[in-house]
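What follows is a single structure, and I will ask about it in a moment.
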Amino acid sequence: MGRLVILSGPSCIGKGPLHQAMVKFYPHLMADLQKVVLYNDRAPRPGEQDGVDFHFRPRGMIESLAGTPGYLVVPVRSDLQALELAALERILQGGKTPFYEGNPYVLASLRQCGWLERLSVLSIFLSPLSSEEIGYFKSRDPGVDLALLVQDIQRRKLLQRTAKAKGHLSLPDLQEIERRSGNAWREMQEAVHFDWVIPLHDGEGNDNWDAHYYPIGAARRAMLAFAKLLQNEDPGTLAEKWLPDLLQ
C-alpha cells in the first residue's frame, strides 16, 4: 500500500519553514518524500518558482478544470487551486511518497472522491493554538472570541512575513492579509479531521526558524514532532489528537 503525507494549516502558520528545516536537519527522512505541485491562479511570491512551488496559471484555465475527470479544483481563500490526481500516481509509481503541503481543504476533497481508500495517509495540521490554550480561552468568563483571536494571531504573522519580504505594505497587501487571516478560524475547523495537530506559535518569517542556524522554541518542537511522526514514533506532548467538539 502506498503512503501519502499531508502537512496543512492556516496561511502563514509555518508550513514552508518547517519543510525547509526538515530538509536541512532530517534529509534522510525527507529523501523519500516528493512534493505534490498544485495549480494556482495567484501570482508567485518573491522566490517562488513555477513548477516547483505551484503551477501558476490564469484563473480561467484552472476554472476550466472543474468537473474534468482526474482533477480536483478547490477554492482557497482568494485563490483557486487544482490538484491533478495523475501527479500523485506518477509519484507513487516512481517509488516515492507524495508529500502535500498546503491548504486543509485538499484532504477533504481527496476523501470525498474516494482516492484515499487504497493509501496509508499521515495527515498533520499546524495550529496557532494548542488544545490546552483553546480550553483555557473557552473557560474564561466572559469567554474569548476564538475566531477573532485566531484571526489576530495570523494577521500578525502575515504582516511580519509580508513586511520582511517587501519592506513596506501596499493597500492590496493589507487587503490580502485580511482575507487570509479572516479565513484562519474556518480552516482550523478542519483540524479535527487530521491524524495529528502540532501547535506552532512561530509562523513564517519568525527568527526562531533560521536566525540562530538551528530552529529554537516552538519551531524546534514542531520540527521534532514532524520527524517523529514521519518515523511512526509516538510524538508524546509534541503533537495532539483533537476531539471533534474541541472548537465548538
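Mind listing the long-range amide H neighbours of Val121? Cut-off is under 5 Å, sequence gap 5 or more, other chains count too, H placed in the peptide plane at 1.01 Å from N.
So Val121 has HN proximity to Leu4.
Could you list, in their original order, any pairs among Lys35/Lys166; Lys164/Lys228; Lys15/Lys166; Lys164/Lys241 whose Cα atoms are separated by more than 23 Å?
Too far apart for the 23 Å limit: Lys35/Lys166; Lys164/Lys228; Lys164/Lys241.
Then there is this: Which residues' amide hydrogens lie under 5 Å from the amide hydrogen of Gln34, considering only partners 5 or more residues apart or on another chain, with H built in the peptide plane?
Thr97, Phe99
What's the local net charge at Trp242, with K and R +1, D and E -1, over the other residues with C-beta under 12 Å away?
Summing Lys/Arg as +1 and Asp/Glu as -1 gives -4.
At most 16 other Cβ atoms within 10 Å and a DSSP loop assignment: could you name the trypsin sites (Lys or Arg not before Pro) in region 175-248 that fit?
Lys241
Also, quick follow-up: Please give the residues of region 17-34, grouped as numeric ranges, whose backbone N is less than 14 Å from a label point set 7 Å along the Cα-to-Cβ vector of Tyr213.
Flagged as within label range: 25.
Now for a different question. Over region 123-235, what is the relative contact order in percent, taking alpha-carbon pairs closer than 8 angstrom and at least six residues apart?
Relative contact order of region 123-235: 33 percent.
Given an 8 Å cut-off on Cα distances and at least 6 residues of separation, report the relative contact order of the chain as a percent.
Computed over the chain, the figure is 27 percent.
Then there's this: Give me the base-10 log of I(q)/I(0) for the chain at each q in 0.11, 0.15, 0.17, 0.18 Å⁻¹, Debye formula, one uniform scatterer per Cα, rounded to two decimals.
These q points yield log10 I(q)/I(0) values of -0.59, -1.15, -1.51, -1.67.
Could you give the longest part of the chain that holds none of the GluC sites (Glu not before Pro) found in DSSP loops with at most 14 neighbouring Cβ atoms within 10 Å?
49-232
Please report, in cubic angstrom per residue, the volume enclosed by the convex hull of the alpha-carbon atoms of region 43-98.
Details: hull volume 5.4 nm³, N = 56.
Cα-based convex hull of region 43-98, divided per residue, equals 96 Å³.
Could you tell me which trypsin sites (Lys or Arg not before Pro) in region 112-146 are loop residues by DSSP with no more than 13 other beta carbons within 10 angstrom of their beta carbon? Mind showing how you got there, number by number?
Working: sites: Arg118, Lys138, Arg140; in loops: Arg140.
Sparse-neighbourhood loop trypsin sites (Lys or Arg not before Pro): Arg140.
Another question, if that's okay. Could you list the residues of region 214-248 with an amide nitrogen less than 20 Å from a label point located 7 Å from the Cα of Val121 in the Cα-to-C-beta direction?
It comes to 226, 229-233, 240-247, nothing else.
Each reported figure results from applying straightforward, stated rules to the coordinates on display, with no laboratory input. The structure displayed is predicted, hence computed values, not measured ones. Cβ atoms come from the backbone with ideal geometry, glycine included; neighbour counts cover every protein chain shown.
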